[in-house]
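The values are calculated or read from the model by the stated rules, or taken from the named source; none is laboratory data. On a predicted model such as this, the values are computed, not experimentally measured, just so you know. Here the Cβ is made from the backbone with ideal geometry for all residues, glycine too, and neighbour counts use every protein chain on show. Note: accessible area is taken over every heavy atom of the protein model, side chains too, but ligands, DNA and RNA are not part of it. Shrake-Rupley method; radii C 1.70, N 1.55, O 1.52, S 1.80 Å.
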Amino acid sequence: MKIYHIPCLEDNYAYLIVDESTKEAAAVDPVEPKKIIESAKEIGAELRDHAGGNEEIKRLVPGIKVFGGTIDNVKGCTNKVENGDKFTLGADINILSLHTPCHTKGHISYYVTSKEEEDPAVFTGDTLFIAGCGKFFEGTADQMYQSLCVTLGSLPKPTRVYCGHEYTVSNLRFALTVEPENEKMKQKLSWAQLQRQANLPTIPSTIGEELETNPFMRVDLPEIQAKVGCRSPVEAIKEIRRLKDNWRGR
């Protein structure tokens, strides 16, 4: 399994997941379809699709399969999936659909494993960002807690995290207002700043790193709850989201 990241628009990421034995590929969030198709051609990969610029990519690649959640009205969807649904890519890649609602009601994350001995990956869209999470547009704090801390937080710690946007530096700056003494946050911020200065991505992270540096995934810790004046993880995630929404740093 090989994963290619493709910067799109101002701060978006699209991805190509490629089964190296068959060269079958899946595009995740192909918001700029022509760019994704060109990238696939360069590596000799055959495409299927998930969300993003679906209508255009269907026009450009006749017969392409488009996967999306059953609850959200995913434009151009040909294959609707629900929590727990599984499908394959090529000969070696298995994909598990995980319902991770809150940013949208039907948000689906995709957990990807390979028969090869390599770390799994999860594509988290706008639910989990590196050191942050999506806004609670269509859901509740309880839903975001379940999505982040239960569903995604229970994945193996080496799982690579590929999110939909490059928000890492800003997210870590905010995270340090919650936990100013967190040395791992400080170290990751310094690294992320160097990456961005060199025009390099800060993805992927890992679930293990997020449990150490993402305040929204640390709300089970009593000390984090205490820092934001709360007594439960759901209250804490709601309060940290409120603080982030009103934060004016960058």
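Per-structure values
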{"read-out": "Residues located in the stretch 32-61, provided they are out of contact with any helix residue (DSSP H, G or I) (no Cβ under 8 Å at 6 or more places or on another chain) and either among the charged types (D, E, K, R) or at pLDDT below 90 (or both)", "value": "32, 35, 38, 41, 42, 48, 50, 51, 54, 55, 58, 59"}
{"read-out": "Residue among 21, 39 that alone is part of a helix (DSSP H, G or I), hydroxyl-bearing (Ser, Thr, Tyr), open to solvent by 20 Å² or more (accessible area, probe 1.4 Å) and in contact (Cβ under 8 Å) with a residue 24 or more places away in the chain", "value": "39"}
{"read-out": "Pairs with Cβ under 8 Å, 6+ apart, first in the stretch 59-76 and charged (D, E, K, R), second assigned to a loop (DSSP other than H, G, I, E, B)", "value": "65/78; 72/104; 72/105; 72/106; 72/107"}
{"read-out": "Qualifying residue in the stretch 168-187 (condition: of a type in the set (Asp, Glu) and in contact with a strand residue (DSSP E or B) (Cβ under 8 Å, 6 or more places away or on another chain))", "value": "no"}
{"read-out": "Close pairs (9 angstrom Cβ cut-off, 6 or more residues apart or separate chains): farther than 12 Å from residue 131 by Cα and part of a helix (DSSP H, G or I) in the stretch 176-192, among the small types (Gly, Ala, Ser) and open to solvent by less than 80 Å² (accessible area, probe 1.4 Å) anywhere", "value": "177/249"}
{"read-out": "Looking only at the stretch 24-36, and only at residues there that are out of contact with any Asp or Glu (no Cβ under 8 Å at 6 or more places or on another chain) and closer than 22 Å to residue 127 by Cβ, the one that is surrounded by the most Cβ atoms within 10 Å (Cβ to Cβ)", "value": "36"}
{"read-out": "The stretch 141-150, residues that are touching a helix residue (DSSP H, G or I) at 6+ places or on another chain (Cβ under 8 Å) and not acidic (Asp, Glu)", "value": "141, 144, 145, 148, 149"}
{"read-out": "Options 132, 106, 139: the member that is free of Cβ contacts under 8 Å to residues at least 60 places away in the same chain and within 15 Å of residue 237 (Cα to Cα)", "value": "139"}
{"read-out": "The one condition in (1) outside any loop (DSSP other than H, G, I, E, B); (2) open to solvent by 20 Å² or more (accessible area, probe 1.4 Å); (3) of a type in the set (A, V, I, L, M, F, W, C); (4) in contact with a Cys (Cβ under 9 Å, 6 or more places away or on another chain) that residue 136 fails to fulfil", "value": "(1)"}
{"read-out": "Hey, residue 105 outside any loop (DSSP other than H, G, I, E, B), more than 22 Å from residue 156 (Cα to Cα) and not aromatic (Phe, Trp, Tyr) or not", "value": "no"}
{"read-out": "Matching residues in the stretch 207-230 - criterion: being touching a Pro at 6+ places or on another chain (Cβ under 6 Å) and either among the hydroxyl-bearing types (Ser, Thr, Tyr) or surrounded by fewer than 23 Cβ atoms within 10 Å (Cβ to Cβ) (or both)", "value": "220"}
